[in-house]
Amino acid sequence: MKARIKQSVTLLLAAGIGFAAAGAAYSAESLQDVMKRRNISQQDLLAAAKTYVPTGKRDEFVVFSSGGQSGQVIVYGIPSMRILKYLAVFTPEPWQGYGFDENSKAVLRQGNIDGKEINWGDTHHPAISETDGKYDGQYLFINDKANPRLAVIDLRDFETKQIVVNPIFKSEHGGAFVTPNTDYIFEAAQYAAPLENKKFYPLEEFNEKYRGGMTYWKFDRKEGRIDAKKSFSVELPPYSQDLSDAGKGPSDGWSFTNSFCSERYVGGIEKGRPPYEAGCSAKDTDYLHVINWKKAAELVAAGKAKKINGHDVLMMETAIKEGILFLVPEPKSPHGVDVTPDGKFMIVAGKLDTHVSVYSFEKIQAAIKAGKFESHDPYGIPVIGMKDALDKQVQLGLGPLHTQYDSKPCLAYTSLYVDSQVAKWNYCEGKVVDKLSVHYNIGHLMSMEGDSVDPKGRYLVALNKLAIDRFVPVGPLHPQNHQLIDISNDKMQLLYDMPLPLGEPHYAVAIEATKLKPGVRYKVGTDSRTDKPHPGAVRAGEEVTTKKGNKVEVKGTLIRSHITPETIEVDVGDEVTIHLTNLERAQDETHGFTVSTYNVHASIEPGKTVTVKFKADKEGVYPYYCTEFCSALHLEMQGYLLVKPKGWKPTKTTLAAGSYTEADYKATVKKVADTQAIIDSVVAYITSVNYKDFPDVVAMVEDAFDQLGKTKGLKEKHEGFAAKKDWENANLWAEQIWQYQVKTADLGLRAKTYLEQNGAKKVAK
Ligand code: RUQ
Ligand code: CUA
């Protein structure tokens, strides 16, 4: 028996199933030796201990970072700074099949503008959905600055579900920001332009015809999608609206938006005019826009909006008359505006000022109620005096940009771009408490859940714009540098430098890892992009290929280690649509699919159904295969697309076959019996311990039996062929049983290892 198990274990090993090597590889080097050899200080060692996540352990927080010009989102863990995933959003991404299969293409193409395919994005500000102002881990939103769009990502599967195009802007920067219950996601225009689509006005008419604005996208939480019809915008002057934030607590219902270039300067360096940068920072102040969005939504519902490009826009005139739009001067060229967790203050940082300005929501409201305005801007918007709105100003250093909050009351962190520092300061007392130098030119910074009503403290990340000499050089284009900082003590400690090589991340948000509850599989036959049953889905045994005219439609399935069907025959010029359902239930058993030279690719996770489509416009023979190394016989997960020339007639009608003997058949049957013995021994172990206390193991065991269940009927089948002395069919069907056994054993061994490593205990039988 022992020897048989050993032999089968060898077989399984040969089939590529790995066991964790019980290595006895310890080195003679001591900690001191290593510190000396690697020139590591005590301080380094402390930092390492704070960031190192031992093998098998997980991170405490998950970061969603904008991917800048990559048009994607980067997901990584804190404190390890290990990258976990890139999320395809505005850009085709082949690994996930994004833009290479029909279902994801449908999402990507929602981002077409004026009928044009746009295949890149400049992602800036991610936002996690909130409930009562706290991150709830359900959805992620991110904007595209270059082509004004917003995307919805569902955190149940980390897939992009929707892209909406802003109907009236030509760019947008100050987004995405969510209201405390994610009723709205909003974005501010950046560079002013005419609101009507394809309307031309010369720059000489900038003040009259160019406009900025704020768009409030209505989020339908039940559908998990933005409802464009219930969304609206507020028209604003051409002041280059910038970063924004939503009020919370006492200021809930209001939004705050910075601006720069309220000079409304129009450059023209090529005509001898001073450039934008001079003209846009000439005045001492710009404006904070203060908008009552709740009231604006009511006005829109009451029919007070004007339709522009089919979209509801509350015009400035109405907004002023109804008393929902105000301006407050702020020191010139401000950048970030960040509402404090208690919702009482808005902290504005001015790029060209050494101060941060703390505005009081209470004071602003008092001025509004009293009708106390110092003036009106050229468009008639009431301007509240700076001193009537300001709580205090605090000198922090050069180039303050963005502010985040700590779990401890009154503590804030502000990035200082020019100084390349982080200032930790107290906004209640108005004093700096610590400063930390970071590497070159910090833009945004991010603390854990640090823009919610319930910041978690602990860590801060400096999103540095330059890496310069920090890493091993990789050519003139450098990665970006995210630096992890420990903020759990009075003094900040720099822990780690992480190169980010995928575009320029602007902002990032971090959530407690335990709040994320992504699924591991879909309900069989799901179109993950619509969350609905996929019409092309089939179950095992229902696979079918049909042809109507020149349209060939394949409904197929994938399971370790075969694709059904294994041949697809079409005539040259046919339009081929292939729907594939992954029948796996096992965690992480994704199959990929591609057809040689037809530029299609799909990633099909357990339960998902995906469609690829192409015109078979070249005659010939095109292998298709599974692109994920899914099992020992992954390479055999293959098939042929046969594109037949016009008028082609077969001359040979039988396939070449292997010649198997009775001895081959008997050897296979023995192999099946041996493997079953292994499975039985693994099952005996698993059921001898408290495996039911481990949900991951319960799922694996379920999946294992699911695989084993597929052998049903196959024994009768191979024995039937054997009785007829058809050794080929007898041997191959017996072999197929073994294929399922291998997968069962693989899962069983994974479960066993997990139980052994996680302290499973014997249970009384
Ligand atoms: S911003 S440039 Cu968030 Cu500082 Cu985009
Ligand atoms: Cu499925 Cu490789």
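The values are calculated or read from the model by the stated rules, or taken from the named source; none is laboratory data. Since this is a predicted model, take the numbers as computed values, not measurements. Glycine gets a Cβ as well: all are built from the backbone with ideal geometry, and neighbour counts include every protein chain shown. All accessible areas refer to the heavy atoms of the entire protein, side chains included, with ligands and DNA or RNA removed. Shrake-Rupley method; radii C 1.70, N 1.55, O 1.52, S 1.80 Å.
Worth pointing out:
- Qualifying residue in segment 297-311 (condition: crowded, with 19+ Cβ neighbours inside 10 Å and touching a Gly at 6+ places or on another chain (Cβ under 8 Å)): no
- Highlighted here are the strands (runs of 3 or more DSSP E) found entirely within segment 381-446 that include at least 2 residues which are surrounded by 21 or more Cβ atoms within 10 Å (Cβ to Cβ): 400-405, 411-416, 421-426.
- Failed criterion for GLY121 (all others in (1) over 27 Å from THR590 (Cα atoms); (2) in a strand (DSSP E or B) hold): (2)
- One residue stands out in segment 327-339 among those that are surrounded by 24 or more Cβ atoms within 10 Å (Cβ to Cβ) and under 18 Å from LEU445 (Cβ atoms): the one that is modelled with the lowest pLDDT, namely PRO334.
- Qualifying residue in segment 466-482 (condition: touching a residue at least 12 places away in the same chain (Cβ under 8 Å), open to solvent by less than 60 Å² (accessible area, probe 1.4 Å) and among the charged types (D, E, K, R)): no
- Failed criterion for PHE186 (all others in (1) of a type outside the set (D, E, K, R); (2) in contact (Cβ under 8 Å) with a residue 24 or more places away in the chain; (3) open to solvent by 10 Å² or more (accessible area, probe 1.4 Å) hold): (3)
- Test set (1) at pLDDT 95 or above; (2) more than 16 Å from the chain's Cα centre (by Cα); (3) surrounded by fewer than 21 Cβ atoms within 10 Å (Cβ to Cβ) - ASP114 fails condition number: (1)
- Within the set THR627, THR651, the sole residue that is of a type in the set (Val, Ile, Thr) and within 16 Å of ligand 2 (Cβ to nearest atom) turns out to be THR627.
- Test: residue in segment 346-354 that is open to solvent by 30 Å² or more (accessible area, probe 1.4 Å) and either at pLDDT 95 or above or within 24 Å of GLU204 (Cα to Cα) (or both): no
- Taken across segment 242-251, residues that are open to solvent by 10 Å² or more (accessible area, probe 1.4 Å) and at positive phi do occur, with at least one present.
- A count restricted to segment 149-165 and to residues that are open to solvent by 10 Å² or more (accessible area, probe 1.4 Å) and assigned to a loop (DSSP other than H, G, I, E, B) stands at 3.
- Looking only at segment 472-501, residues that are away from ligand 1 (no atom under 16 Å from the Cβ), among the aliphatic types (A, V, I, L, M) and farther than 22 Å from PRO455 by Cα come to 4 in all.
- Extreme residue, nearest to GLY639 (Cα to Cα), among residues of segment 543-563 that are within 15 Å of ligand 2 (Cβ to nearest atom) and at pLDDT 95 or above: ILE563
- Yes/no for GLU130 being open to solvent by 10 Å² or more (accessible area, probe 1.4 Å) and touching a Pro at 6+ places or on another chain (Cβ under 6 Å): yes
- Considering each residue of segment 167-183 in turn, none proves to be in a helix (DSSP H, G or I), closer than 23 Å to GLU263 by Cα and over 24 Å from the mean Cα position of the chain (by Cα).
- Qualifying residue in segment 52-62 (condition: at pLDDT 95 or above and either within 16 Å of ligand 1 (Cβ to nearest atom) or within 30 Å of VAL576 (Cα to Cα) (or both)): no
- Of the criteria (1) outside the structural domain of GLN741 (by TED's automatic domain parsing); (2) acidic (Asp, Glu); (3) more than 16 Å from ligand 2 (Cβ to nearest atom), which one GLU605 fails: (3)
- Residue that is nearest to the chain's Cα centre (by Cα) [pool: residues in segment 363-399 that are more than 26 Å from GLN421 (Cβ to Cβ) and of a type in the set (Gly, Ala, Ser)]: ALA389
- Taken together, GLY121, GLY137, GLY67 contain a single residue that is away from ligand 2 (no atom under 16 Å from the Cβ), closer than 30 Å to ASN197 by Cβ and in contact with a Leu (Cβ under 7 Å, 6 or more places away or on another chain), which is GLY67.
- Residue count for segment 270-296, restricted to those that are surrounded by fewer than 20 Cβ atoms within 10 Å (Cβ to Cβ) and free of Cβ contacts under 8 Å to residues at least 60 places away in the same chain: 15.
- Residues of segment 237-259 that are closer than 17 Å to THR179 by Cβ and either within 26 Å of the chain's Cα centre (by Cα) or within 16 Å of ligand 2 (Cβ to nearest atom) (or both): LEU243, SER244, ASP245, ALA246, GLY247, LYS248, SER255, THR257.
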